[in-house]
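For reference, the structure discussed in these notes is given below.
The values are calculated or read from the model by the stated rules, or taken from the named source; none is laboratory data. Predicted model only: the values in this text are computed from it and were never measured. In this analysis, Cβ positions are derived from the backbone assuming ideal geometry, glycine residues included, and neighbour counts consider all displayed protein chains. Ligands, DNA and RNA are excluded from the accessible area calculation, which covers all protein heavy atoms including side chains. Shrake-Rupley method; radii C 1.70, N 1.55, O 1.52, S 1.80 Å.
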Amino acid sequence: MAEQEVAGFVGLGAMGGALARRLVAGGVTLHVYDPDAARVAELTALGAIGHGSAGAVADAAATVYACLPGAEVSMAVAKEAGAGKALRIYVETSTIGRGALQAIARELQPRGVLVVDAPVSGGPRGADAGMLSIMAAGGAEALAGVRPQLQRLGKRVFEVGAEPGMAQMMKLVNNLISAANMASAYEALVLGAKAGLDPDQMVEIINVSTGRNSATVDKIPQSVLTGTFDYGASIRTIHKDVSLGLKEAEALQVPMWMGQNVRQIWEFALTQGGADLDFTALIRYMETWSGVEVRSRRKAARA
C-alpha cells in the first residue's frame, strides 16, 4: 500500500478525533493513539488500528499527525514519536506557537524526520464536513509527502512557507481576529438585547451588514441563539491561542492594544471557572452582568 494511504494519529480529542475520522473516511489506513482508551476505541470501531503509545504509532506509520492541547505535551510526544522505526514525516496540527514548533523541528531533524507545521481552522464540525482551512509550512519534500492527505482533511490548503513555524504564525493571526470578533459580537448583542431588540433579527441584520463576521454567521446562530453552547472549542483553548499570539507580538516588538484587552476578557472567564466551557459560553458572563439573555425567540415561540 502506498505511504500516502497509511498514516498515524496521536491525540484524539475534539479536534484530533474529527481529523482522524476524516482520514479514515477517506480510505487512509490509520494507526492511532490517545491516553484515553475510549477515544481509541471510537476510532478503531470506524476501522482505525489502535496502539498503546505514540512510539508504537510511529513504528507503524511513516507519516504521523499530532493534535495536542499544548506545547509541553506536543514536545514530549514529538520526542517519543521521533524514535519510531517507520516515521519519516511528522505533521503538527496543534496550535502551539512558532517557538515550540521550531523546537520540535530541531529535535527531529537529527533523526532524519521531516516536519510539517499544519494548524487547522474551522473546528471539529468543519473537520467532519471536510470544510477546514489548513495552513501548512515545511520543506518541498515534506509538503509533497502529505499534500494528498491534507487535501482530504480540508477544503483549502494554504502553503505559507518553507520554514516550520510560519503556519503557526498564520494561525495565531487568524485566531487573534476570531477571538476579538467573538468578544465584540457577544457584548454588542447583549447591549441590543438589553435595549429590547430581537436577537434573531439582530443577527439577521448584522449578517447582511458591515458587522458580519464568523461569530455572527456561524457560532452565534448555532450555539448562542439556540442556548446549546456546544460549538466545539473551549474558552481555555481560545485564551491559550490569544496568549501565544501576544507572546509572538512581544518577541517581534509589535504593539497589540486590542489583543491585550481581548485576552483580559477571555481571562476573566477562566478566573470564574469557565476554562472548559465552550467558547460560545463567554457571552453568558456578559448576559449575567446585564440581566438579559441573547436567545432565539422564534425557537421559544415554536416550542
Got a number for the accessible area of Phe158? Probe 1.4 Å, square angstrom, nearest 10. 80
Can you work out ³J(HN,Hα) from phi for every residue in the range 260-266, in order, using Karplus 6.51 cos²θ - 1.76 cosθ + 1.60 and θ = phi - 60°, giving whole Hz and x for Gly and Pro? 5, 5, 5, 4, 4, 5, 5
Rounded to the nearest 5, the percent of DSSP beta bridges in the range 107-237 running antiparallel is 35
Once Lys and Arg are counted +1 and Asp and Glu -1 for all other residues with Cβ under 9 Å from that of Gly17, the total becomes 0
Apply the Debye scattering formula to the range 250-303, with a single equal point scatterer on each alpha-carbon and no solvent, then give log10 I(q)/I(0) at q = 0.17, 0.27, 0.31 Å⁻¹. -0.71, -1.06, -1.16
Percent of all alpha-carbon pairs of the range 1-101 at distances over 20 Å, whole number, is 27
Of the options Val115, Cys67, Leu43, report the single residue whose Cα projects farthest towards the positive end of the charge dipole of the range 40-125 (beta-carbon charges: Lys, Arg +1; Asp, Glu -1). Val115
Under Karplus coefficients 6.51, -1.76 and 1.60, residue-wise ³J(HN,Hα) of the range 142-155 in Hz, glycine/proline x: 5, 5, 4, x, 10, 3, x, 6, 4, 5, 6, 7, x, 6
Would you calculate the separation in nanometres between label points at Glu107 and Ala83, each defined as 7 Å from the Cα along the Cα-to-beta-carbon direction? 1.2
For Ile49, distant residues with modelled amide H under 5 Å away: Leu30, His31, Val32
Net charge near Ser121, counting Lys/Arg +1 and Asp/Glu -1 over other residues with Cβ under 10 Å of its Cβ? +2
Listed residues His31, His51 arranged by accessible area, highest first, probe 1.4 Å: His51, His31
Ordering Thr29, Thr271, Thr280 by the accessible surface of their heavy atoms, 1.4 Å probe, largest first, yields Thr271, Thr29, Thr280
Run the accessible area of the range 222-303 with a 1.4 Å probe and give the carbon-and-sulfur part as a rounded percent. 54
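Please report Rg over Rh for the range 143-204, where both radii come from the alpha carbon positions and Rh follows the Kirkwood definition.
Working: Rg = 18.7 Å, Rh = 14.9 Å.
Rounded to two decimals, Rg over Rh is 1.25.
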What net charge is computed for the residues neighbouring Gly50, neighbours being all others with C-beta under 13 Å from the C-beta of Gly50, Lys and Arg scored +1, Asp and Glu -1? -2
Would you mind listing how long the chain runs along its three principal axes, going by Cα atoms, in whole Å with the largest first? 63, 48, 34
Under 10 Å, Cα contacts only: if you run a Gaussian network model on the chain, which one of Ser243, Ser290, Ser209 comes out with the highest mean-square fluctuation? Ser209
Table column - 3J(HN,Hα) (Hz), the range 51-60, Karplus curve with 6.51, -1.76, 1.60, x for Gly and Pro: 9, x, 6, 5, x, 5, 4, 6, 6, 9
Please compute the modelled spin-label separation between Thr226 and Val208, points set 7 Å along Cα→Cβ, answer in nm with one decimal. 2.3
Amide H contacts under 5 Å for Glu163, placed H, 5+ residues apart: Gly138
Assigned charges on the beta-carbon of Lys, Arg, Asp, Glu; the range 110-210 dipole about Cα centre (debye): 320
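Accessible area of the range 133-214 with a 1.4 Å probe: how many percent of it is carbon plus sulfur?
Values: 2190 of 3850 Å².
Of the solvent-accessible surface of the range 133-214, carbon and sulfur hold 57 percent.
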Value of Rg to Rh for the range 34-165 (Rh from inverse mean 1/r over Cα pairs, i.e. Kirkwood): 0.94
Lys pairs, the chain - Cα-Cα below 21 angstrom, 8 or more residues apart or on other chains: 9
